[in-house]
Each structure stands twice: as structure tokens, then as C-alpha cells.
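See below for the structure under consideration.
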Amino acid sequence: MKKEVEIVAGRRVILMDSISYITSADRGSIIISGSHGGTAAASYAMQHPPHLVIFNDAGVGKDRAGIAGLDLLQNVGIAATTVYHTSARIGDATDTWTNGLISHTNLLAKSLGICIDELAQMAIRNIDQGIGAQGIFLPRSQTPVWERNR
């Protein structure tokens, strides 16, 4: 599945279940991907650089393999972030857009005001509002149990 859902800060927001669906027409867009945030996924994003891309952290994994692409994308000037694998299904961009909670960001994504534990959809919409790093967070009662003691 690949579909445009809205325009934020003058940029198309595109959901794609796999980052492999990215094309030259998506350059400069905001991509919400169901893919893991590893280096293989990052290499697809680098082919047609988006303004921002969101991946799934896939549980982070051995040697941080599930989020290793964030550093790679930082090094080539692409803002990137992941959502917790427990907040959105891997391979399901719609679930990432609707329910994903930000788990990791690179510095470029932080500079856009994206915050850890923020709902992905709100993080994107806050870019358009110029809210910056204030973010919108779930009340403690709605925060996943695994995150309450951080």
C-alpha cells in the first residue's frame, strides 16, 4: 500500500508499507513507512531523499540493527525517526501513522521538533504548526506499560 494522506508544511505526507515503494516523485516528501529502520531500508530512502522518513524500530535488535539507518540518513542530511515496534505493526504504514509512538530520532528529526514518546501523526502535524519540540504526549494512563518507568 502506498497513499498520500495530507499536506504538512507544504510537503506531501505519504504512507507506504515498504520503503522500497519510494520513487523519484516522493523526493522531499514526508514518508511514513512500515519498514524497519535498518541500513537496508535507509539505502532505499537515500535513492530519492525525503524531507523526513519514519520507520519501525523492529525491537532495535542486536547491535541496534533496527535503527542503524537513522545515523546513516543523518550523515546524508535526511531527518529520520522510528516508532516503537510495540506501538505499530511492522509493515503497516497506516498503523504507524495512526498509533505509532516515536522511539528514536536522528538529530535532524530532533531539529524539526520531533520528540520521543510523541504520537507520530502529531509529530508530523506539529511541524506544520511550527510548534517545535513541545510535542503532544499521551497521558500516563494511556502510555504503554513498558514506557511508564523510564
- Message: Being at pLDDT 95 or above and buried (at least 24 other Cβ atoms within 10 Å of the Cβ) is true for just one of Val76, Val53, Val5. Which residue is that?
- Response: Val53
- Of the conditions (1) modelled with pLDDT of 95 or more; (2) within 16 Å of Gln121 (Cβ to Cβ), Ser24 fails just one. Which one is it? (2)
- Given Ala123, Ala88, Ala109, which one is in a loop (DSSP other than H, G, I, E, B), surrounded by 19 or more Cβ atoms within 10 Å (Cβ to Cβ) and modelled with pLDDT of 95 or more? Ala88
- Message: Take Ile14 and tell me if it is in contact with a Pro (Cβ under 7 Å, 6 or more places away or on another chain) and free of Cβ contacts under 8 Å to residues at least 40 places away in the same chain.
- Response: no
- Task: Check every one of the strands (runs of 3 or more DSSP E) wholly within the range 17-83 and list those with 3 or more residues that are among the polar types (S, T, N, Q) and in contact with a helix residue (DSSP H, G or I) (Cβ under 7 Å, 6 or more places away or on another chain).
- Result: none
- Task: Could you give me the residue pairs with C-beta distances under 7 Å whose first residue belongs to the range 60-71 and is of a type outside the set (Lys, Arg), whose second residue is part of a helix (DSSP H, G or I) and surrounded by fewer than 24 Cβ atoms within 10 Å (Cβ to Cβ) wherever it lies, and which are 6+ apart or on separate chains?
- Result: Ala68/Thr39; Gly69/Thr39
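The values are calculated or read from the model by the stated rules, or taken from the named source; none is laboratory data. The structure presented is a predicted model; accordingly, all values stated were derived computationally and were not measured. Glycine also receives a Cβ, built like all others from the backbone with ideal geometry; neighbour counts cover every protein chain displayed.
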